1. Residue check: is ALA51 at pLDDT 95 or above, under 29 Å from GLY127 (Cα atoms) and either surrounded by 13 or more Cβ atoms within 10 Å (Cβ to Cβ) or within 10 Å of the chain's Cα centre (by Cα) (or both)?
2. Can you pull out the residues in the stretch 41-64 that are outside any helix (DSSP H, G or I) and in contact with a strand residue (DSSP E or B) (Cβ under 6 Å, 6 or more places away or on another chain)?
3. Would it be correct to say that THR91 is more than 15 Å from LEU9 (Cβ to Cβ), β-branched (Val, Ile, Thr) and touching a residue at least 12 places away in the same chain (Cβ under 8 Å)?
4. Anything in the stretch 66-78 that is surrounded by 15 or more Cβ atoms within 10 Å (Cβ to Cβ) and hydrophobic (A, V, I, L, M, F, W, C)? List them, or say none.
5. Quick check on my filter: what residues within the stretch 89-136 are exposed (fewer than 13 other Cβ atoms within 10 Å of the Cβ) and in a loop (DSSP other than H, G, I, E, B)?
Amino acid sequence: QKGTKYQDLVPDVVSDLQASVDTALKAGVSQEAIIVDPGIGFGKTSDHNLAFLAGLDALKAIECPILVGTSRKSTLGLLLDLPADQRVEATAATVSLAIAGGADLVRVHDVKEMVRVSRVTDAVVRGWRPEGWNTS
């Protein structure tokens, strides 16, 4: 990756994203139309990607929905020595971690599987329940 020099990764990315949000707001874009994405896999090393996933909750300070895309990323392949089409479980782990860290949206390849992961994670982290939920 190019452009991977950061003084302090998470605060630097949060500051850059906040500056972009401020620019958009000054240009007349409504706050409700803005989503922030930390760019996992873009301009970051594999260690950066893991560190940002661990520190994702810092993005909540921007007060915009957070989008995270970790699906089949090369970092997962490096960790597990697997090709992209065999990274579903690794993607599931990062999707769950992202939601627990504050992500509101996830960008994925394996939609059916990640909807299931997201629902279970949301049930634990955010109290989501399916329609017709009955605990008796």
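The values are calculated or read from the model by the stated rules, or taken from the named source; none is laboratory data. Values in this document were obtained by computation on a predicted structure and should not be read as measured data. Cβ: placed from backbone, ideal geometry, glycine included. Neighbour counts: every protein chain shown.
1. Judged against the criteria, ALA51 is not a match.
2. If the condition is that a residue be outside any helix (DSSP H, G or I) and in contact with a strand residue (DSSP E or B) (Cβ under 6 Å, 6 or more places away or on another chain), then CYS64 is the only one that fits.
3. yes
4. Those that are surrounded by 15 or more Cβ atoms within 10 Å (Cβ to Cβ) and hydrophobic (A, V, I, L, M, F, W, C): ILE66, LEU67, VAL68, LEU76.
5. If the condition is that a residue be exposed (fewer than 13 other Cβ atoms within 10 Å of the Cβ) and in a loop (DSSP other than H, G, I, E, B), then ARG126, GLY127, ARG129, PRO130, GLU131, GLY132, TRP133, ASN134, THR135, SER136 are the ones that fit.
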